[in-house]
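A quick write-up on the structure given underneath.
The values are calculated or read from the model by the stated rules, or taken from the named source; none is laboratory data. The shown structure was predicted, so the numbers you read here are calculated from the model rather than taken from an experiment. Here the Cβ is made from the backbone with ideal geometry for all residues, glycine too, and neighbour counts use every protein chain on show. These accessible areas exclude ligands, DNA and RNA; they are computed on the full protein's heavy atoms, side chains included. Shrake-Rupley method; radii C 1.70, N 1.55, O 1.52, S 1.80 Å.
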Amino acid sequence: MTKPLRPEPKPGVMDIAAYVPGKSAAPDGVAKVHKLSSNENPLGASPRAVEAVHEAAGMLEFYPDGAATSLRQAIGEVHGLNPANIVCSNGSDEVIQLLAQTYLQPGDEGLFTEHGFLVYRIYIQAAGGVPVVAPEMDETADVDAILAAVTEKTRIVFLANPNNPTGTYIPFEEVRRLHAGLPKDVLLVLDAAYAEYVRRNDYEAGIELVSSSHNVVMTRTFSKVHGLGGARIGWLYGPAHVIDALNRVRSPFNVNAMAIAAGTAAIRDQAHVQTSVEHNERWLSWVSEELRTLGLRVTPSVGNFILIHFPDDETHSAAMADDYLAGRGYVLRRVGAYGFPNALRMTIGTEEANRGVVAALAEFLKA
Ligand SMILES: *Cc1c(COP(=O)(O)O)cnc(C)c1O
């Protein structure tokens with residue numbers, strides 16, 4: 001066997017399509033930019049979180065508490081959970097990566113759905129696993145299709161509920177049915193990044209199911225309703241045996257001191273969460289209805305974003321709409337990589353941004 005002439009990544013790494021984050025800039029000359037491409041909170045972070053970061057900045061020479069004790073304590077208080085069953089992470093992306101790394105061997109299968117969050121595929125592949133995609137029905141996860149895709153090699157199932165970029169969800173009875181149909185040695189990961197926004201009686205993020213099972217975990221993030229995407233804070237609630245495994249694999253100081261301070265203050269500011277959820281509820285339905293009135297199809301969303309489908313004609317494609325909006329300072333997200341070549345995802349923004357996008361799209365469709 002000839003020896004390679006330079007270090008080569010292990011098999012599979014070069015098959016990974018790198019994640020493309022939402023754009024944050026508009027073309028030169030645009031006076032004001034409304035970033036609606038990454039599902040960030042248009043009201044920003046809690047002022048208490050910002051204050052906590054200022055305070056933490058005065059002690060940067062000290063390593064953070066590697067166990068993120070104060071943050072786990074605060075999360076536990078707010079959600080009624082035992083802090084011992086929580087692991088915090090550098091964004092929930094990190095804990096998703098840790099799960100793949102911890103539970104997948106080369107050749108093991110990791111399952112997710114057709115329009116599911118793209119980081120699942122990346123971390124499954126990075127762990128040497130095989131990504132398996134279950135078809136969706138009406139842009140919504142389909143429990144029967146997921147169960148039909150399970151094989152002897154399946155080790156982990158990722159379900160974003162609600163899902164990004166569709167904004168659709170499955171009722172909790174369906175999640176229970178999914179769990180009941182899975183083999184006991186398959187880990188079910190409920191990614192509830194948008195749970196706070198969901199106002200539906202048949203929705204649950206998964207806390208009860210985690211508490212009563214040995215093979216279910218729930219992941220959450222501070223990047224969305226808490227407005228702390230820049231601080232990178234996520235967490236997982238799971239059974240003790242999973243927490244034990246993840247704590248062995250994670251880097252010892254994975255959550256930095258400023259993130260711990262910000263998250264601890266943010267989760268205790270439930271008034272800010274409430275205000276953010278109410279803002280979203282109002283504008284989610286307003287934007288969805290206005291765009292439908294313009295003749296655009298909008299996937300029904302329970303999150304803080306909507307998926308807007310453009311007509312299949314060559315004069316009003318999603319790419320053209322994206323350029324048109326960007327030229328006016330409205331930065332949306334292209335979602336071709338998610339299987340939606342002719343749609344854009346829009347984060348629900350400030351009143352000014354929401355009204356601006358609707359007005360600009362009305363003009364665009366007339367042009
Ligand atoms: C935004 C998002 C996350 C959170 O990512 P962070 O790494 O915590 O910023 C997780 N899952 C889904 C489905 C998301 O859309």
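Miscellaneous remarks
- Nitroxide proxy distance, nm - points 7 Å out along Cα→Cβ at Ser317 and Met1: 4.5 nm
- Separation between Cα centres of region 264-327 and region 180-233, rounded to whole Å: 22 Å
- With at most 12 neighbouring Cβ atoms within 10 Å, loop trypsin sites (Lys or Arg not before Pro) (DSSP) excluded, longest segment of the chain: 201-367
- Residue-span extension gain [Glu61 to Lys366] - 0.36 nm each, minus C-alpha spacing: 104.0 nm
- Where Rh is the Kirkwood radius over Cα pairs, Rg/Rh for the chain: 0.97
- Take Glu278: with every protein chain present and a 1.4 Å probe, its accessible area is about 100 Å².
- Rolling a 1.4 Å probe over the heavy atoms of the protein chains gives the chain an accessible area of 46 Å² per residue.
- Region 1-37 and region 112-168 have their alpha-carbon centroids 22 Å apart.
- Members of Lys23/Lys184; Lys35/Lys153; Lys3/Lys23; Lys23/Lys153; Lys35/Lys366 lying beyond 32 Å, as alpha-carbon distances in this model show: Lys23/Lys184; Lys35/Lys153; Lys3/Lys23; Lys23/Lys153
- Helical content alone sets the calculated 222 nm signal of the chain at -11000 deg cm²/dmol, taking -39,500 (n - 2.57) per DSSP H segment of four or more residues and averaging over every residue.
- Between Lys153 and Ala271, the modelled label-to-label distance comes to 5.5 nm, taking each label 7 Å out from Cα in the direction of the beta carbon.
- Sulfur and carbon atoms: percent of accessible area, region 120-227 [1.4 Å]: 50 percent
- For a label point 7 Å along the Cα-to-beta-carbon line of Asn201, residues of region 166-180 with backbone N under 15 Å: 171-173
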